[in-house]
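Scroll down for the structure; my scribbles are underneath it.
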Amino acid sequence: MIKKIEHIGIAVKNLNDSNALFKKLFGKDHYKVEAVASEGVSTSFFMLGETKIELLEATSENSAIAKFIEKKGEGIHHIAYEVDNLDAEMARLKHEGFELINPTPKDGADNKRICFLHPKTTNGVLVELCEEKK
Ligand code: ZN
């Protein structure tokens, strides 16, 4: 079951500059910075009530974030939904005709197991499903 919006991911060119910008916007600082080497990104997280904002900067020119910024510029990259059972949700959504970008769960930032749904099957919005690692 999809429970709530866990975070919104925003692609940025420079994480330090954007941390300062979003600190001004929110009136509070990010609570963590985390590199995800396998994805070629460095991330930071801001807590806003029950939801988070994740900023993503490419650390490799082959990363999905580098390609996204090259094509579309900075901006909203994905919406992440928290699920209670990632494997069951992946099976359900695959059965419903959504395309899973990664057919098996992978490790994401912020202690999560994640799966992405291809935007061509979700009205152009890259969807991340995430489950807190136990
Ligand atoms: Zn994310």
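Values quoted throughout were computed directly from the atomic coordinates according to the rules given, and no laboratory measurement underlies them. No experiment lies behind these values; they were computed from the predicted model shown. Neighbour counts run over all protein chains shown; Cβ positions are idealised from the backbone, glycine included.
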If you filter region 88-121 for GluC sites (Glu not before Pro), then keep DSSP loop positions with at most 11 other Cβ within 10 Å, what is left? Glu96
At Thr51 and Glu99, where each label point lies 7 Å from the Cα along Cα→Cβ, what is the point-to-point distance in nanometres? 2.7 nm
Interchain or long-range residues, amide H under 5 Å from Val41's placed H: Val36, Thr59
Kirkwood-based Rg/Rh on the Cα set of region 68-134 evaluates to 0.98
What three numbers, in Å, describe the spread of the alpha carbons of region 37-101 along their principal axes, ordered from the longest? 33, 30, 22
Sort out for me the Cα centre separation of region 17-58 from region 64-83, rounded to whole Å. 13 Å
Whole-number Å³ per residue for the convex hull built on Cα positions in the chain: 108 Å³
The extension gain from Lys133 to Ile2, computed as 0.36 nm times the residue separation minus the Cα-Cα distance, is 45.6 nm
Say R0 is 25 Å: what FRET efficiency, to the nearest 0.05, do Lys106 and Asp17 get from their beta-carbon distance? 0.30
How large is ³J(HN,Hα) for each residue in region 56-70, as worked out from phi by the Karplus curve 6.51 cos²θ - 1.76 cosθ + 1.60 (θ = phi - 60°), to whole Hz, x for Gly and Pro? 10, 10, 6, 10, 9, 6, 8, 6, 4, 5, 4, 5, 4, 5, 4
Excluding same-chain residues fewer than 8 positions from Lys120, which lysines have a Cα within less than 21 Å of its Cα? Lys67, Lys71, Lys72, Lys94, Lys106
Rg/Rh over Cα atoms for region 15-56, Kirkwood Rh, comes to 0.98
For region 21-60, what relative contact order do you get, as a whole percent, if you take Cα pairs closer than 8 Å and at least 6 residues apart? 30 percent
Stretch Thr122-Tyr31 to full length: gain in nm at 0.36 nm per residue minus the Cα-Cα span? 29.7 nm
